[in-house]
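The values are calculated or read from the model by the stated rules, or taken from the named source; none is laboratory data. Please read these numbers as outputs of a predicted model, since none were measured by experiment. Positions of Cβ are generated from backbone atoms using ideal geometry, with glycine treated the same way; all protein chains shown enter the neighbour counts. Side chains included, ligands, DNA and RNA excluded: accessible areas come from the protein's heavy atoms. Shrake-Rupley method; radii C 1.70, N 1.55, O 1.52, S 1.80 Å.
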Amino acid sequence: PRYRPDWASLDSRPLPAWFDQAKVGGFVHWGVFSGPAWGSAWWFWWHWQGEHRPEYQRFVQRRFPPGTAYADFAPRFTAHDFQPRDWARLFQKAGARYVVLTTKHHEGFTNWKSPVSWNWNSLDTGPHRDLVGELGQALRERNIRYGLYHSLLEWFNPLYLADKESGFKTQNFVLKKTMPELYDLVLTYKPDLIWSDGDWEAPESYWNSTSFLAWLYNDSPVKDTVVVNDRWCNNCSCHHGGFYNCADKYKPGTLPTHKWEMCSSIDKHSWGYRSNMNVSELMDEASIIEELVQTVSFGGNYLLNVGPTKEGVIVPIFQERLLALGRWLDTNGEAIYESKPWRVQVENSTNTIWYTSKGPVVYAIFLIWPPDNVVELSSPIPSPTTQVTMLGVAGTLKWQVAPGKGLLVTLPLVLPSPLPPQSGWTIKLEGVK
């Protein structure tokens, strides 16, 4: 069917299956804001010159010449050390099935040669490279799906400010900047996913989002495969679009009826790289695994963010976290990729045992190793044919019917160690209801 440019029609489009099956993605926040790389880095310009926060003004005064403007940070955004194939290999080892790159954040700088962003793009200044194109090629060599983040608004664009002044009755910014860029991104790079943002100030009638999405679904080169999120107007979030983000770091608490994605960042205080981060402010391996498991149990995808440096380096501590996630998925990915939520998502009275399923097979992922080596699962109903195994461990596990209901599973003995074992193990249950 052809989709009409209204939400009733657009929302009826089935989500391409690859997205729900992928489960795990990588997110990359990279732009001119990676130059100052300080504070709430990805919102640096706004905090500095939109809100005039004194700590940002002091930072610029102390470190940069008098009269420094935000545009002066663009030449510092060099991408000298950007190796797209190394990034692609890292994300593959991390277990990411798709990667989303910021093509343009709210600062308006484009990481490709936008036809309507003269001299404020990555070919005319800064890296002098097509960052969007180079990363896309490297990811596709490894069969990783490619998503493009794009902000609808630009904080300080004079056209946008004039439209805002008119109460969004004029649309010069949308017609001359936002829409030409979105069409150009789709036609040039044929993305698998468009991750829209910057929607919150204006209604759909201003953004022309429904017209763009109707073209995307009906006539674009990616009409059958492309997936979009829900940030297309000031009241779209959690209501309209493709999958729902609802809010950054969204945790629903119960099983949503609509496909959703949780975006999170290894640096708990910033999406862009900041030079003043401390290891205590980063997510550790256990909390990343816990967030992933909870998200997938509730039917969501998990999109984990890193902010590269202005030179294009994903710093070693971020690499280490991504590789740890990948190692965990090497063992436990069977319970994650292509899984579906089970009839019960989390074990009664715990938030440490989570369930996923694939057809008749049920997976119980427990986040804390029980001191007596016995896991009690009260939700699955065993049968005479029940078989219990543990992912990454050969052989079957002993189990017995629990006194109340469910089953008690005896875990393999782990060697004594001064450190508690790392987080997250998966029990595979066959022949249960």
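Results for (1) closer than 22 Å to Gln83 by Cβ; (2) among the small types (Gly, Ala, Ser); (3) open to solvent by 10 Å² or more (accessible area, probe 1.4 Å), shown as yes or no for each residue.
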{"residue": "Gly108", "(1), (2), (3)": "no, yes, no"}
{"residue": "Asn121", "(1), (2), (3)": "yes, no, no"}
{"residue": "Thr125", "(1), (2), (3)": "yes, no, yes"}
{"residue": "Leu135", "(1), (2), (3)": "yes, no, no"}
{"residue": "Glu141", "(1), (2), (3)": "yes, no, yes"}
{"residue": "Arg145", "(1), (2), (3)": "yes, no, yes"}
{"residue": "Ser151", "(1), (2), (3)": "no, yes, no"}
{"residue": "Trp155", "(1), (2), (3)": "no, no, yes"}
{"residue": "Pro158", "(1), (2), (3)": "no, no, yes"}
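Assigned to a helix (DSSP H, G or I), open to solvent by less than 40 Å² (accessible area, probe 1.4 Å) and assigned by the TED database to the domain that holds Ile317: is that true of Phe44 in this structure?
Yes: the conditions hold for Phe44.
Residues checked against (1) touching a residue at least 12 places away in the same chain (Cβ under 8 Å); (2) farther than 26 Å from Ala324 by Cα:
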position	(1), (2)
Glu55	yes, yes
Phe59	yes, yes
Pro65	no, yes
Tyr70	yes, yes
Thr78	yes, yes
Val100	yes, no
Asn111	yes, yes
Ser114	yes, yes
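Could you run through the stretch 75-106 and say how many residues are open to solvent by less than 10 Å² (accessible area, probe 1.4 Å), touching a helix residue (DSSP H, G or I) at 6+ places or on another chain (Cβ under 6 Å) and closer than 23 Å to Ala41 by Cα?
4
So in the stretch 216-245, with the set limited to residues that are among the hydroxyl-bearing types (Ser, Thr, Tyr) and free of Cβ contacts under 8 Å to residues at least 60 places away in the same chain, which one is farthest from Tyr189 (Cα to Cα)?
Ser237
What number goes with the only condition from (1) surrounded by 18 or more Cβ atoms within 10 Å (Cβ to Cβ); (2) at pLDDT 95 or above; (3) not hydroxyl-bearing (Ser, Thr, Tyr) that Gly406 does not pass?
Result: Gly406 passes all but (2).
For Arg321, all conditions in the list (1) surrounded by 16 or more Cβ atoms within 10 Å (Cβ to Cβ); (2) under 29 Å from His239 (Cα atoms) hold save one; what is the number of the exception?
Status for Arg321: all satisfied but (2).
Which of the following residues is free of Cβ contacts under 8 Å to residues at least 40 places away in the same chain and touching a helix residue (DSSP H, G or I) at 6+ places or on another chain (Cβ under 6 Å): Trp48, Trp42? Reasoning before the result, please.
Working: Trp42 fails: free of Cβ contacts under 8 Å to residues at least 40 places away in the same chain.
Of Trp48, Trp42, the one residue that is free of Cβ contacts under 8 Å to residues at least 40 places away in the same chain and touching a helix residue (DSSP H, G or I) at 6+ places or on another chain (Cβ under 6 Å) is Trp48.
Can you give me the number of residues within the stretch 1-39 that are under 18 Å from the mean Cα position of the chain (by Cα) and either touching a residue at least 12 places away in the same chain (Cβ under 8 Å) or assigned to a loop (DSSP other than H, G, I, E, B) (or both)?
From the stretch 1-39, those under 18 Å from the mean Cα position of the chain (by Cα) are 15-31; that's our starting set.
After this cut, where a residue has to be either touching a residue at least 12 places away in the same chain (Cβ under 8 Å) or assigned to a loop (DSSP other than H, G, I, E, B) (or both) as well, the list is 15-16, 18-31.
Matching residues across the stretch 1-39 total 16.
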